[in-house]
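Input: a single structure, listed below in structure tokens.
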Amino acid sequence: MTTQSLTNDARERSSIFQKHKFKLYILLGLVAIVAGSFALSSGFTIHHKNIPDDYWTTTSVLKHKLLDTEVFIGALTMMLIVTICLALWGYWKLHCLPKKYAAHTGQTKLIFWLCTLGFFYNWLWIAAALIVVTDWEKIYNAFNRSTKK
């Protein structure tokens with residue numbers, strides 16, 4: 001094989017990865033959730049296995065088989081962990097929005113610190129968002145016009 005064909009093969013594999021990157025991440029996430037469910041299930045004991053059959057007569061058929069497994073509780077725990085992580089990630093992304101649009105204000109360091117401190121004092125994050133969306137040039141021009149009169 002020539003060097004040209006090797007670079008074309010590498011480029012093609014790279015484009016296939018780029019094309020299916022999102023699907024791969026979803027697949028890896030699902031595999032991690034399933035693996036975590038099985039890993040967490042070893043730490044749970046639901047109840048004794050010698051429950052009489054008439055105990056399950058008032059519930060559905062699936063409940064006996066589903067709730068009687070530690071893997072199910074491990075899966076619930078993994079879903080709880082994933083939900084909490086996604087909520088924290090969303091909260092982080094929401095607080096990073098002013099930093100993302102701060103370049104045009106000239107106050108990037110101020111907005112960074114206001115956003116960071118906004119995790120603890122929400123009014124600081126609101127101040128950072130207001131600084132970002134405010135057109136300071138118009139306010140400056142209006143102030144100058146009002147003081148010159």
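The values are calculated or read from the model by the stated rules, or taken from the named source; none is laboratory data. Small disclaimer: the values here were computed from a predicted structure and weren't measured. Because the Cβ atoms are built from the backbone with ideal geometry, glycine has one as well, and the counts that use them run over all protein chains shown. SASA here: full protein model, heavy atoms, side chains in, ligands and nucleic acids out. Shrake-Rupley method; radii C 1.70, N 1.55, O 1.52, S 1.80 Å.
Given the criterion more than 20 Å from the chain's Cα centre (by Cα) and surrounded by fewer than 12 Cβ atoms within 10 Å (Cβ to Cβ), identify the matching residue among L130, L110, L117.
L130
Tell me which residues, restricted to region 77-102, are at pLDDT below 80 and open to solvent by 90 Å² or more (accessible area, probe 1.4 Å).
Once the filter is applied, which keeps residues that are at pLDDT below 80 and open to solvent by 90 Å² or more (accessible area, probe 1.4 Å), region 77-102 yields K100, Y101.
Condition check: at pLDDT 80 or above and under 30 Å from I33 (Cα atoms). Does G74 satisfy that?
yes
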